[in-house]
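The structure under discussion appears below in the form of structure tokens.
Nothing in this text is a laboratory measurement; each read-out follows from the coordinates by a stated rule. Keep in mind it's a predicted model, so treat the numbers as computed, not measured. Here the Cβ is made from the backbone with ideal geometry for all residues, glycine too, and neighbour counts use every protein chain on show.
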Amino acid sequence: MGTKTLRERLGNYFNIGANNKSESMKAYTEHIVKAVDKTMSYSIANHPLPLCMIDSEGMFLWYNKKFSDIYQDTNNIGAGVFKITGLRASEFFSDDPMEKSVQVSHNGKTYKVLSSYLDGDKNSSAVLYWVDVTNYELLKTLYKDEKNCIAYVNVDNYDDLIASSPDERKSIIAAEIEKTIRQWAAKMSASLTRYRSNQYFIIFEHKHFEKLEASKFSILDEVREIETDADFPASLSIGIGVGGKTPQQSDEYAAAALDLALVGAATRL
């Protein structure tokens, strides 16, 4: 009887202990969940990156202070993400399973906007992260602008042009052509080498290339305007190597471009 009572007492004790342990674990778990939720909420609100959450219609669900520091028009939250940032919700909600980034500029800064989706659901809401890539884009632009382009310049029918001129005019016409080409190169702070009587090798920075295209290579017209004694004007063929991964590759591009230009010049004559 005494042993049984003791076992019963021990059994009751362990049951009570187990129940108390279960209640304690439940309370502890709830405490942890609340602590995690509070920590996550604090972390999101104070995230080092500007954040916002939008629905599939592009309406704001939430944004943090860093986001409102960038887009101060967020007081008009009902305007939606397109009105505030110029980004469309369709850029982030699509059938494409790959998460992609979108680049946007605002107030002199460039941002890469990354997206993530809650619970993997891409149809309800998206969190957008604004990553400042201004310095990176500036460096990329500087690298591109300062990259060298190589050009070969050929004075077409140079020998015939000089031969058609009186002796006293030969050197004058030759000097005028060279002067025009050198002045053109000087405007680009280019390095110019004359390696044959009618051929030049030029190296200049890429930032000048777009200006050349915009002016439709005005040097061609400038050379044509030089007065000669031949029954045809002076003309140039130019081959430019752009975008080569190495100087050798740019040189090959330039040589190939010059060959095409010479074929075109021969066709016109």
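Annotations for the structure displayed:
- FRET efficiency, 1/(1 + (r/R0)^6) with R0 41 Å, evaluated for GLU252 and LEU114 via beta carbons: 0.60
- Put in line by how crowded their Cβ is, counting other Cβ atoms within 10 Å and starting with the fewest, SER250, SER215 read SER215, SER250.
- Residues TYR253, TYR195, TYR63 in ascending order of nearby Cβ atoms (within 10 Å, fewest first): TYR195, TYR253, TYR63.
- Stretching SER56 away from ILE172 to a fully extended chain increases their span by 34.5 nm, per 0.36 nm per residue minus the current alpha-carbon distance.
- Note on GLN72/GLU213: beta-carbon distance plugged into 1/(1 + (r/R0)^6) with R0 of 41 Å gives a FRET efficiency of 0.60.
- Residue pairs, from the table LYS109/LYS211; LYS147/LYS179; LYS83/LYS147, whose Cα atoms sit over 32 Å apart: LYS83/LYS147
- Estimated distance in nm for a label pair at SER164 and HIS206, the labels positioned 7 Å out from Cα along Cα-to-Cβ: 4.0 nm
- Using the Cβ-Cβ distance between HIS47 and ASN107 with R0 set to 25 Å, the FRET efficiency from 1/(1 + (r/R0)^6) comes to roughly 0.75.
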